[in-house]
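Engineer: Dropping a structure here in structure tokens format, bear with me for questions.
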């Protein structure tokens with residue numbers, strides 16, 4: 001999906017539906033991983049969470065283990081899909097860039113009223129850093145989690161040192177992942193960040209917000225919109241011109257092919273014509289009649305062709321030829 005300005009240029013369509021599905025499935029599976037991971041320690045008995053009505057099951061290790069495995073499968077699947085899908089399409093907007101740390105510091109200071117926020121593209125520099133942080137920690141969780149799963153498979157033996165290192169790393173990575181999620185949510189404390197939360201539900205952000213905080217992205221979209229509008233207007237204009245030309249051509253064709261009312265081409269068989277004198281005589285006789293035009297005499301066929309533009313009665317035409325000394329065969 002290509003980002004575009006919509007709704008009479010008041011909003012920008014920021015996310016593709018697939019991106020929203022990725023986000024929410026990853027978020028929910030991540031929450032279940034954290035919840036079930038702490039349940040395996042077990043923490044919920046220690047802090048008497050099991051005493052809360054309806055949550056007595058939170059003290060069952062095996063329930064948390066099943067939840068953890070299922071959530072882990074979903075979490076890993078989404079991460080793999082995310083990497084393959086966006087890698088295949090060449091999406092690089094969330095990858096960290098040079099100067100992101102400095103720009104992030106400037107952005108945070110600007111939130112507290114110190115200095116101005118640097119111009120940003122679709123993603124803010126701190127968003128790219130958060131993406132790299134959570135992605136890196138998530139990858140560590142996946143790798144160490146795989147080690148913990150493999151060690152439990154029948155017939156598999158792993159060095160104790162590797163198992164201990166993987167377990168400790170997995171535990172600390174879980175804490176860092178939780179801190180990252182909390183920081184991600186804490187960013188919404190700042191009013192300036194709240195319009196972004198809307199896009200996670202509606203896929204859209206307000207145009208004014210994008211203009212203020214995502215200036216580079218906004219300017220690119222406006223240029224693209226201007227090009228689209230120009231092409232659209234040009235096509236509409238060309239369409240109107242073609243329609244107008246078609247109408248004019250149609251009118252012209254109608255004028256050319258339409259004959260005045262009563263105009264009829266007539267052919268009469270005339271006997272006695274044998275030379276040019278006869279041609280002249282018959283022609284002059286017919287020219288005396290108002291409305292007889294385009295007179296043609298064919299001596300070989302013994303025919304007289306003419307246009308009867310005023311629908312003169314045939315009897316009057318025959319009379320004129322007869323008076324000129326020739327006989328009309330009106331059979």
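Engineer: For residue 157, only one of the following conditions fails: (1) closer than 30 Å to residue 211 by Cβ; (2) without any contact (Cβ under 8 Å) to a residue 12 or more places away in the chain; (3) assigned to a loop (DSSP other than H, G, I, E, B). What is its number?
Structural biologist: The number of the failed condition is (1).
Engineer: For segment 117-139, state whether one or more residues are over 30 Å from residue 209 (Cβ atoms), in contact with a helix residue (DSSP H, G or I) (Cβ under 8 Å, 6 or more places away or on another chain) and either assigned to a helix (DSSP H, G or I) or at pLDDT 90 or above (or both).
Structural biologist: Taking every residue of segment 117-139 in turn, at least one turns out to be over 30 Å from residue 209 (Cβ atoms), in contact with a helix residue (DSSP H, G or I) (Cβ under 8 Å, 6 or more places away or on another chain) and either assigned to a helix (DSSP H, G or I) or at pLDDT 90 or above (or both).
Engineer: How many residues does segment 296-317 contain that are crowded, with 16+ Cβ neighbours inside 10 Å and closer than 11 Å to residue 268 by Cβ?
Structural biologist: Within segment 296-317, residues that are crowded, with 16+ Cβ neighbours inside 10 Å and closer than 11 Å to residue 268 by Cβ number 6.
Engineer: Also, I was wondering about something else. What about residue 197, is it farther than 30 Å from residue 313 by Cα and at pLDDT 80 or above?
Structural biologist: When the stated conditions are applied, residue 197 passes them.
Engineer: Might you check whether a residue that is outside any helix (DSSP H, G or I) and closer than 30 Å to residue 4 by Cα occurs anywhere in segment 186-197?
Structural biologist: yes
Engineer: Go through (1) in contact (Cβ under 8 Å) with a residue 24 or more places away in the chain; (2) over 26 Å from residue 4 (Cβ atoms) and name the single condition residue 116 misses.
Structural biologist: Answer for residue 116: the failing condition is (1).
Engineer: When you look at residue 72, is it within 27 Å of residue 186 (Cβ to Cβ) and loosely packed, with under 15 Cβ neighbours inside 10 Å, yes or no?
Structural biologist: For residue 72, the condition - within 27 Å of residue 186 (Cβ to Cβ) and loosely packed, with under 15 Cβ neighbours inside 10 Å - is not met.
Engineer: Residue check: is residue 103 assigned by TED's automatic domain parsing to the domain that holds residue 19 and at pLDDT below 90?
Structural biologist: no
Engineer: Can you go through 62, 47, 75 and tell me which one is farther than 23 Å from residue 123 by Cα, in contact with a helix residue (DSSP H, G or I) (Cβ under 6 Å, 6 or more places away or on another chain) and either in the same structural domain as residue 205 (by TED's automatic domain parsing) or modelled with pLDDT under 90 (or both)?
Structural biologist: After ruling out the rest, the residue left standing is 75.
Engineer: Would you check which residues across segment 24-69 are loosely packed, with under 13 Cβ neighbours inside 10 Å, in a loop (DSSP other than H, G, I, E, B) and over 49 Å from the mean Cα position of the chain (by Cα) and list them?
Structural biologist: 46, 47, 48, 52, 53
Engineer: Here is a list of conditions, (1) at pLDDT below 95; (2) more than 27 Å from residue 202 (Cβ to Cβ), and residue 20 meets all of them except one; can you say which number that is?
Structural biologist: Answer for residue 20: the failing condition is (2).
Engineer: Within segment 162-186, can you find the residues that are without any contact (Cβ under 8 Å) to a residue 40 or more places away in the chain and under 34 Å from the mean Cα position of the chain (by Cα)?
Structural biologist: Within segment 162-186, 185, 186 qualify.
Engineer: Also, quick follow-up: Please find, among 124, 95, 141, the residue that is touching a residue at least 24 places away in the same chain (Cβ under 8 Å), more than 30 Å from residue 67 (Cβ to Cβ) and buried (at least 16 other Cβ atoms within 10 Å of the Cβ).
Structural biologist: One residue alone meets the criteria, 124.
Engineer: Would it be correct to say that residue 219 is touching a residue at least 24 places away in the same chain (Cβ under 8 Å), loosely packed, with under 15 Cβ neighbours inside 10 Å and in a helix (DSSP H, G or I)?
Structural biologist: Judged against the criteria, residue 219 is not a match.
Engineer: Can you tell me which residue within segment 98-116, out of those that are part of a loop (DSSP other than H, G, I, E, B) and closer than 16 Å to residue 212 by Cα, is nearest to the chain's Cα centre (by Cα)?
Structural biologist: Per the stated criteria, the residue is 116.
The values are calculated or read from the model by the stated rules, or taken from the named source; none is laboratory data. Everything numeric here is computed off the predicted structure, so don't read it as measured data. Here the Cβ is made from the backbone with ideal geometry for all residues, glycine too, and neighbour counts use every protein chain on show.
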